[in-house]
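Participant: Just dropping this structure here.
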Amino acid sequence: MSADPGALSRARYLDLLEKTLQNAIYGESVVETKLKLWLQRLRHPYLTRRGAIPWPSRAHSMIGPQRLRNLRTLMERTLHEGVAGDYIETGVWRGGACILMRGALAAHGVRDRKVIVADSFEGLPRPDGDKYPDDRRDTAFAFSELAVPVDEVKKNFASYNLLDDQVIFLKGFFKDSLPTLPADSRFALIRLDGDMYESTMDALTNLYDKLSKGGFTIIDDYGGLKNCAKAVHDYLDQRGLTVDLHKVDDSCVWWQKA
């Protein structure tokens with residue numbers, strides 16, 4: 001008999017939650033996806049001249065199975081290893097990764113930790129090319145597909161019965177919202193998905209000192225966006241920090257705080 005009789009039930013619940021967040025059970029509609037791509041090209045003819053971006057039409061997460069499993073694995077490690085603190089994602093889109101984190105807390109019966117859902121809920125900021133030259137050519141702000149209203153994200157949480165007082169919504173661009181976190185905030189895991197140099201730097205500057213020893217940092221766009229990767233290394237170099245980077249896939253990386 002298993003030492004933890006609830007382990008199999010928890011695993012099955014979280015497996016199902018991962019698949020549902022990706023809409024992997026029923027699958028994305030081919031017709032709907034093609035229609036959205038056509039509309040994207042129509043709205044952004046210059047930005048999509050090299051090809052439109054096929055964001056999921058219905059899924060609550062776009063980060064895919066490997067990154068969802070990585071998030072779940074590291075989060076469960078914080079519980080098993082007793083790493084203190086809450087959980088935060090900066091840049092949440094439709095909320096899928098944060099829903100998974102709240103689901104993991106529910107599956108393990110954890111009531112004394114929170115999930116912070118940090119986003120502008122209005123899309124990405126326009127690049128400040130003078131202050132952040134690496135963002136000068138960034139065009140993500142122009143895509144309305146990335147602007148998901150906070151009420152829609154809350155509705156997504158509610159659809160899984162996971163909208164409660166353990167979920168905190170932090171609205172605003174990171175340079176404005178993250179400094180408002182209480183000075184004594186502690187995190188066991190921070191997941192950064194801000195795409196840009198500015199957003200990544202703002203998140204690291206405001207959150208890394210609040211990350212507990214043994215806690216985890218996940219950078220979603222490290223391998224896919226050069227400005228994001230440069231922000232990571234600029235921050236680490238400025239602080240004189242050395243970390244052991246682990247790849248999740250071609251873009252996402254993580255490390256554990258020493």
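Participant: Can you name the residue in the range 57-73 that is surrounded by fewer than 19 Cβ atoms within 10 Å (Cβ to Cβ) and outside any helix (DSSP H, G or I) and is also modelled with the lowest pLDDT among such residues?
Facilitator: 57
Participant: Please go through the range 194-220 and pick out each residue that is closer than 16 Å to residue 93 by Cβ and surrounded by fewer than 24 Cβ atoms within 10 Å (Cβ to Cβ).
Facilitator: 195
Participant: Just need a number here: residues in the range 1-30 that are at pLDDT 90 or above, part of a helix (DSSP H, G or I) and out of contact with any helix residue (DSSP H, G or I) (no Cβ under 7 Å at 6 or more places or on another chain).
Facilitator: 9
Participant: Only residues in the range 212-237 that are within 19 Å of residue 86 (Cβ to Cβ) count as the first member; pair them with residues that are among the β-branched types (Val, Ile, Thr) and surrounded by fewer than 17 Cβ atoms within 10 Å (Cβ to Cβ), Cβ under 8 angstrom, at least 6 apart or cross-chain, and list the lot.
Facilitator: Listed pairs, sorted by first residue: 217/243.
Participant: Among residues belonging to the range 125-160 that are free of Cβ contacts under 8 Å to residues at least 40 places away in the same chain and part of a loop (DSSP other than H, G, I, E, B), point out the one that is farthest from residue 233 (Cα to Cα).
Facilitator: Checked the range 125-160; the qualifying residue farthest from residue 233 (Cα to Cα) is 149.
Participant: Applying the selection to the range 194-218, what residues are farther than 17 Å from residue 127 by Cβ, outside any strand (DSSP E or B) and out of contact with any Lys or Arg (no Cβ under 7 Å at 6 or more places or on another chain)?
Facilitator: 204, 205, 206, 207, 208, 209
Participant: So residue 223 fits all but one of (1) at pLDDT 95 or above; (2) among the small types (Gly, Ala, Ser); (3) closer than 22 Å to residue 66 by Cβ; what number is the exception?
Facilitator: (1)
Participant: I need the full set of residues from the range 97-122 which are within 13 Å of residue 153 (Cβ to Cβ) and of a type outside the set (Val, Ile, Thr), in order please.
Facilitator: Correct list: 97, 98, 102, 118, 119, 120, 121, 122.
Participant: Take residue 251 and decide whether it is of a type in the set (Gly, Ala, Ser), within 14 Å of the chain's Cα centre (by Cα) and buried (at least 23 other Cβ atoms within 10 Å of the Cβ).
Facilitator: no
Participant: Cβ-Cβ below 6 Å, separation at least six or inter-chain, first residue in the range 95-120 and free of Cβ contacts under 8 Å to residues at least 60 places away in the same chain, second among the polar types (S, T, N, Q): which pairs?
Facilitator: 114/166
Participant: Being over 16 Å from residue 228 (Cα atoms), surrounded by fewer than 17 Cβ atoms within 10 Å (Cβ to Cβ) and acidic (Asp, Glu) is true for just one of 128, 164. Which residue is that?
Facilitator: Checking each option against the conditions leaves just 164.
The values are calculated or read from the model by the stated rules, or taken from the named source; none is laboratory data. Quick caveat: nothing in here was measured; it's all calculated off a predicted structure. FYI the Cβ positions are ideal-geometry reconstructions off the backbone, even for glycines, and counts take in every protein chain you see.
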